[in-house]
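The values are calculated or read from the model by the stated rules, or taken from the named source; none is laboratory data. Keep in mind that what you see is a predicted model, and the values were worked out from it rather than measured. Cβ placement follows ideal geometry from the backbone for every residue including glycine, while neighbour counts extend to all protein chains displayed. Please note that ligands, DNA and RNA were not included when accessible areas were found on the heavy atoms of the full protein model with its side chains. Shrake-Rupley method; radii C 1.70, N 1.55, O 1.52, S 1.80 Å.
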Amino acid sequence: QLQASGGGLVTPGGSLRLSCVASGSIGKILFMGWHRQAPGKPSDMVARFFFSSAIAQYADSVKGRFTISRTDAQNAVELLMSSVKPEDAGVYSCTIFMYDNREYWGQGTQVTVSS
C-alpha cells in the first residue's frame, strides 16, 4: 500500500513537499517515484529514486527545482518542489517498481499552483 501526502496549494515560486510511504510486505524495491497528470494531458514521470544506487532521475521540466530523496523510513521517499511554476500543477501519484517487475500506484494528491 502506498500512502501519499503533502499536496495542496502553493504560490508560484514557492515550495511544497510531497511524501510517500510504502507499507506492508512488498519485497525488494527497484525505485520509488512520482508521476504527474495535468488536466487533459497524459501522466508523466516527474522524478524517481533508485534505492540500491541512490540515483535520482528527473523530468527535464523539473531539473534543478525538484529534489527526490529517500527518507529515514525504510520504504519512503520525499519530493521537495521548489521554485514551483504554474505548469507544475496536477495530480501527483506515488509509484513503486519492484525488481520482479511489479508496479504499484498510490492514490494521487492534488497540487495547485496559484497566487
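Some points to look at:
- When residues of segment 45-85 are limited to those that are polar (S, T, N, Q) and either out of contact with any Leu (no Cβ under 9 Å at 6 or more places or on another chain) or at pLDDT below 95 (or both), the one nearest to S15 (Cα to Cα): S83
- Among residues of segment 25-45 that are in contact (Cβ under 8 Å) with a residue 40 or more places away in the chain and closer than 15 Å to L79 by Cβ, those with a Cβ under 7 angstrom from a residue that is among the acidic types (D, E) and open to solvent by 60 Å² or more (accessible area, probe 1.4 Å), sequence gap 6+ or separate chain, pair up as H35/D44; R36/D44.
- Segment 28-44 - residue that is modelled with pLDDT of 95 or more and open to solvent by less than 60 Å² (accessible area, probe 1.4 Å) and, of those, nearest to the chain's Cα centre (by Cα): W34
- Condition broken by G6, with the remaining ones in (1) open to solvent by 40 Å² or more (accessible area, probe 1.4 Å); (2) on the phi > 0 side of the Ramachandran plot satisfied: (1)
- Just one of the listed residues (S93, S82) is within 10 Å of the chain's Cα centre (by Cα) and touching a residue at least 12 places away in the same chain (Cβ under 8 Å), and it is S93.
- Among the residues of segment 58-111, those that are among the polar types (S, T, N, Q), open to solvent by 60 Å² or more (accessible area, probe 1.4 Å) and closer than 21 Å to A38 by Cβ comprise S61, T67, S83, Q107, Q110.
- Total residues in segment 24-56 satisfying the condition of being more than 14 Å from Y92 (Cα to Cα) and part of a loop (DSSP other than H, G, I, E, B): the figure is 10.
- Among the residues of segment 57-115, those that are in a loop (DSSP other than H, G, I, E, B) and at positive phi comprise G64, S83, N101.
- Failed item in (1) of a type in the set (G, A, S); (2) under 19 Å from W105 (Cα atoms); (3) surrounded by fewer than 16 Cβ atoms within 10 Å (Cβ to Cβ), with G13 passing the rest: (2)
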